[in-house]
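Below: one structure in structure tokens.
The values are calculated or read from the model by the stated rules, or taken from the named source; none is laboratory data. Computed from a predicted structure; not experimentally measured. So basically every Cβ, Gly included, is an ideal-geometry build from the backbone, and we count neighbours across all protein chains shown.
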Amino acid sequence: MSEHDDVDESCDCKIGRIVDRYDLQDLNDDLAADWTGAAGERRSLRELAREVDRRVLRTAMDRAGMEYRDGEVENVYRILTDDDVSSGSRTETRRELEHASVPIEQVERDFVSHQTVHTHLTDCLEASMEEPDDAERIESARDTLRALQNRTVAVTDDTIGRLDGADALSVGEYSVLVDVTVVCEDCGGHYTVGELLDAEGCDCADV
């Protein structure tokens with residue numbers, strides 16, 4: 001028996017109703033495991049909301065007898081929900097689904113927000129995440145800052161390249177380096193972000 005089988009029968013929140021409507025018996029355990037990291041890497045609430053939506057869409061397409069290739073459900077979901085998709089493409093896709101007898105209006109009503117997922121996890125499934133320790137917090141911060149630095153490098157490189165290509169800027173072979181320095185106003189210490197994270201603090205801690 002699934003750890004959350006009893007929830008399937010008693011939960012009357014939106015996701016509980018979705019579990020019943022689409023017979024998604026493994027959904028509760030999967031959501032709890034993915035959110036808490038019990039299944040490996042933790043997934044965000046927004047990622048989990050998209051996962052719920054895709055399972056709903058896939059089940060509706062299966063029930064309608066639609067045949068589809070690997071990755072097609074994900075692409076259909078992207079067309080239905082991505083802000084960058086044109087209204088014409090979205091309308092065409094909805095018509096194709098309707099023609100295949102997929103109840104697309106009901107399916108879209110059953111799409112969920114990350115807040116809905118959080119409520120279901122904490123209130124219905126009583127799931128909770130262990131608080132990360134200091135080392136985990138620092139490593140997470142390091143990943144976030146590294147991603148921002150890489151993004152800054154990429155945007156700067158692309159911008160300079162476009163200006164150079166349009167003859168609006170003249171530059172030879174170049175490299176883009178991003179180095180963020182943290183200066184403590186109390187002890188006067190200067191640190192790169194990496195140095196500060198490695199040291200887990202500035203010289204104030206030694207005072």
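Looking at Thr36, Thr91, Thr59, which one is loosely packed, with under 13 Cβ neighbours inside 10 Å and among the polar types (S, T, N, Q)? Talk me through it step by step, then tell me what you get.
Numbers: Thr36 fails: loosely packed, with under 13 Cβ neighbours inside 10 Å; Thr59 fails: loosely packed, with under 13 Cβ neighbours inside 10 Å.
Exactly one residue qualifies, and that residue is Thr91.
Among the listed residues Ala199, Ala154, which satisfies the condition of being surrounded by 11 or more Cβ atoms within 10 Å (Cβ to Cβ) and closer than 30 Å to Asp134 by Cβ?
Working: Ala154 fails: closer than 30 Å to Asp134 by Cβ.
The conditions single out Ala199.
Would you point out the residue of the stretch 101-141, among those that are at pLDDT 90 or above and polar (S, T, N, Q), that is nearest to Met66 (Cα to Cα)?
Within the stretch 101-141, the subset at pLDDT 90 or above is 101-126.
Right, trim to polar (S, T, N, Q) and you get 101, 106, 113, 115-116, 119, 122.
Values: Ser101: 9, Gln106: 17, Ser113: 26, Gln115: 31, Thr116: 29, Thr119: 32, Thr122: 35 Å.
Result: Ser101.
Taking Glu105 as meeting all but one of (1) over 30 Å from Gly16 (Cα atoms); (2) out of contact with any helix residue (DSSP H, G or I) (no Cβ under 8 Å at 6 or more places or on another chain), write down the number of the exception.
All conditions are met except number (1).
For the stretch 26-56, what are the residues that are among the acidic types (Asp, Glu) and in contact (Cβ under 8 Å) with a residue 40 or more places away in the chain? Steps first, please.
Kept after step one, since they are among the acidic types (Asp, Glu), are these residues of the stretch 26-56: 26, 29-30, 34, 41, 47, 51, 53.
Result: Asp53, single match.
Residues in the stretch 179-196 that are closer than 17 Å to Asp143 by Cβ and either surrounded by 13 or more Cβ atoms within 10 Å (Cβ to Cβ) or touching a Leu at 6+ places or on another chain (Cβ under 7 Å) (or both): how many?
Narrowing the stretch 179-196 to residues closer than 17 Å to Asp143 by Cβ: 180, 192-196.
Filter again for either surrounded by 13 or more Cβ atoms within 10 Å (Cβ to Cβ) or touching a Leu at 6+ places or on another chain (Cβ under 7 Å) (or both), leaving 180, 193-196.
So the answer is 5.
Tell me, yes or no, whether the stretch 165-184 has at least one residue that is at pLDDT 90 or above and in a helix (DSSP H, G or I).
Within the stretch 165-184 (the criterion being at pLDDT 90 or above and in a helix (DSSP H, G or I)), the answer is no, since none of the residues qualifies.
Any residue that is among the β-branched types (Val, Ile, Thr), part of a helix (DSSP H, G or I) and modelled with pLDDT of 95 or more - is there at least one of those in the stretch 20-40? If you could, list the steps in order and put the result at the bottom.
Our first condition is that a residue be among the β-branched types (Val, Ile, Thr); within the stretch 20-40, this holds for 36.
Narrowing further to those that are part of a helix (DSSP H, G or I): 36.
With the extra rule that they be modelled with pLDDT of 95 or more, the set shrinks to none.
No, there is no match, as no residue in the stretch 20-40 is among the β-branched types (Val, Ile, Thr), part of a helix (DSSP H, G or I) and modelled with pLDDT of 95 or more.
Condition (residue is farther than 25 Å from Gly71 by Cβ and at pLDDT 85 or above) applied to the stretch 4-13: is it met by at least one residue?
Restricting attention to the stretch 4-13, the residues satisfying the condition of being farther than 25 Å from Gly71 by Cβ are 4-13.
After this cut, where a residue has to be at pLDDT 85 or above as well, the list is 12-13.
The answer is yes, given that some residue of the stretch 4-13 is farther than 25 Å from Gly71 by Cβ and at pLDDT 85 or above.
Something else: Please tell me if Thr91 is under 26 Å from Val19 (Cβ atoms) and hydroxyl-bearing (Ser, Thr, Tyr). First the steps, then the outcome.
Working: under 26 Å from Val19 (Cβ atoms): no; hydroxyl-bearing (Ser, Thr, Tyr): yes.
No; evaluated as a whole, the condition is false for this residue.
Residues of the stretch 111-125 being surrounded by fewer than 16 Cβ atoms within 10 Å (Cβ to Cβ) and either over 18 Å from the mean Cα position of the chain (by Cα) or not in a helix (DSSP H, G or I) (or both), which ones?
If the condition is that a residue be surrounded by fewer than 16 Cβ atoms within 10 Å (Cβ to Cβ) and either over 18 Å from the mean Cα position of the chain (by Cα) or not in a helix (DSSP H, G or I) (or both), then Ser113, Thr122, Asp123 are the ones that fit.
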